[in-house]
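The values are calculated or read from the model by the stated rules, or taken from the named source; none is laboratory data. Remember, it's a predicted structure, so these values are computed and weren't measured experimentally. Neighbour counts run over all protein chains shown; Cβ positions are idealised from the backbone, glycine included.
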Amino acid sequence: MKDFIIIGAGQAGLSMAYHLTQLKKEYIILDANSETGAPWLKRWDSLKLFTPTEFNHLPGMDFPNEKGYYPDKYEVAAYLKSYVEKFNIPITFNQKITGLKKVDDFFILKSESETFKAKNVVVATGPFHKPFTPPCHTKISKDLIQIHSEHYKNPEQLQEGDTLVVGAGDSGVQILDEISKTNRNVYFSGDTNITSIPQEILGKTLWWWFKKIGFLSVSKFSYIGKKLSKGGQPIIGTDVKSLLKKQNVICVGRTLDANDTELHFEEGNYKNIKNIVWATGFKPNFEWIEGVTLNDYKYPKNYRGISNLKGLYFLGLPWLFTRGSATLGGVKKDTKFLSNYIEKLEEEPAYTKIILKKQFA
Ligand SMILES: Cc1cc2nc3c(=O)[nH]c(=O)nc-3n(C[C@H](O)[C@H](O)[C@H](O)COP(=O)(O)OP(=O)(O)OC[C@H]3O[C@@H](n4cnc5c(N)ncnc54)[C@H](O)[C@@H]3O)c2cc1C
C-alpha cells in the first residue's frame, strides 16, 4: 500500500513527484510506456516547441538551453530524463492502468499483469488519449496511405503523389507546411480562416507578451477564461496565410465523405490523392476510472485537479485551471496548488471544506 500512486510519467506526473518528495510522501509512478519522454519521442521528427526555454521549466530544475531558444522533441525528452535522474523519481514502466476504483478508504489500480493499492492517486495521463479520425476513413481504398498525426513522423512515410492534410490545428498546419516543401501537390481540408500569431513580436517572444498581458494567469473560472477556454486556439509560429497561398497548396474546405479513391470535400471531389494525414485531434479517455464524474467533453469534473472522489486528483488536463495547465512551464502552478492542498488536508481539514465549496467544472 503506497501513500500515493501517480499514473503517468510525463511532465505533469514528474512535477507532482517533485512536490510529493518535498512533502516526504511515499509514492511511485506507473507508466504505460517503456521510457521517460516517450510521448514526445513518438511525435513527428521535425517538431520544435512553440514555447521558448524560459517557459519550459519544471519545478526545481530549469530547462537547460538559453533564453529564447525553441527546443526540439529530443531535447524535451532528454530534459525529462535528467529530471528523473536528478530527483531520483521512482517509475515503474510498462504498466498501463486499465482499471481504477475506490474501495473503502483506498484505491485499487489494475494493469494487465499487476494490482496496486494506494491511499491517494494522481492521474497524470496527459491531455490526448484516443486519436480521432472521421468515420469516412473506413470507406477509403487501401491503395491510399492514411496516417493519423499521432503516427506521422516525416514525409518519407508517404508514397509518391498528391497528399491531403486534414485539420486546421497546430499539428495540421505544421505537417502541411512540412509536406508542402516536398515536390508534390498538397490538399488542405479544414477552416482556412485561421488566426495565426508569429513566435516573436517587437523583439519579444509571444509567450513573453502572454505573460505581460496576464493571459497565462487567466483562470477558466473567470469571465475571460470561460470565453478563451471554449474558443479555438490561434496557430503559433506558422504564417498560415502565406502557406495557404503557395502554388502547390490547394484548399478544399471540410472533408465530407469518401468512396474508394474518390474523396468528397465542400469544394469539390478528387480522385488523385495518394496519401492522407489526419490531423483531426484526440478524444479523452477516463472511462476506466470508476466513480468519477465526467463533464460534457468527457473530462473529469474537478476543481484545480481535486475530483469528486476524496484522494483522487487530476493533472495536465487542458485548461485544468489556466491555458498553461497543459504546458511544460505551466503545470508547476497546478502541482504546487495540489501539494499545498494535500499538506493542508492533514494540518487543517477545515480548509478542504472551503475548497470543496468551489464550483466543480
Ligand atoms: C504536437 C504537440 C506539440 C506540443 N508543443 C508544446 C510546446 O511547445 N510547449 C508546451 O509547453 N507544451 C506543448 N504541448 C503540450 C504538452 O506539453 C504535451 O502534450 C505534454 O506531453 C503533456 O504532458 P503530460 O505529462 O500532461 O502528458 P504526457 O506527456 O502525454 O504523459 C502522460 C504519460 O502517461 C502515460 N499514460 C497514459 N495513460 C496511461 C495509463 N492508463 N496507465 C499508465 N500510464 C499512462 C503515458 O505513457 C505518458 O507517459 C504539445 C503537445 C503536442 C501534442
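Do you know which of the residues in region 57-85 that are of a type in the set (Gly, Ala, Ser) and either assigned by TED's automatic domain parsing to the domain that holds GLN199 or more than 30 Å from SER111 (Cα to Cα) (or both) is nearest to the ligand (Cβ to nearest atom)?
Only one residue fits best here, namely GLY68.
Among the numbered conditions (1) within 16 Å of the ligand (Cβ to nearest atom); (2) touching a residue at least 24 places away in the same chain (Cβ under 8 Å); (3) surrounded by 13 or more Cβ atoms within 10 Å (Cβ to Cβ), tell me where ILE250 comes up short.
Tallying (1) within 16 Å of the ligand (Cβ to nearest atom); (2) touching a residue at least 24 places away in the same chain (Cβ under 8 Å); (3) surrounded by 13 or more Cβ atoms within 10 Å (Cβ to Cβ), ILE250 fails exactly one: (1).
Taking region 231-267 only, how many residues are within 22 Å of PRO198 (Cα to Cα) and among the charged types (D, E, K, R)?
4
Scan (1) free of Cβ contacts under 8 Å to residues at least 40 places away in the same chain; (2) surrounded by 16 or more Cβ atoms within 10 Å (Cβ to Cβ); (3) within 14 Å of the ligand (Cβ to nearest atom) for the single condition GLU287 breaks and write down its number.
So the condition that GLU287 fails would be (2).
May I ask you to say which residue of SER171, SER196, SER149 is within 16 Å of the ligand (Cβ to nearest atom) and modelled with pLDDT under 90?
SER196
Does region 36-56 include one or more residues that are surrounded by 22 or more Cβ atoms within 10 Å (Cβ to Cβ), more than 10 Å from the ligand (Cβ to nearest atom) and under 18 Å from GLY126 (Cα atoms)?
Looking through region 36-56, none of the residues is surrounded by 22 or more Cβ atoms within 10 Å (Cβ to Cβ), more than 10 Å from the ligand (Cβ to nearest atom) and under 18 Å from GLY126 (Cα atoms).
Looking at region 91-140 only, could you name the residues that are touching a Phe, Trp or Tyr at 6+ places or on another chain (Cβ under 6 Å), within 11 Å of the ligand (Cβ to nearest atom) and among the polar types (S, T, N, Q)?
Once the filter is applied, which keeps residues that are touching a Phe, Trp or Tyr at 6+ places or on another chain (Cβ under 6 Å), within 11 Å of the ligand (Cβ to nearest atom) and among the polar types (S, T, N, Q), region 91-140 yields only THR98.
What helices (runs of 4 or more DSSP H) completely inside region 121-238 contain at least 1 residues that are surrounded by 19 or more Cβ atoms within 10 Å (Cβ to Cβ) and among the acidic types (Asp, Glu)?
Ranges flagged: 170-180.
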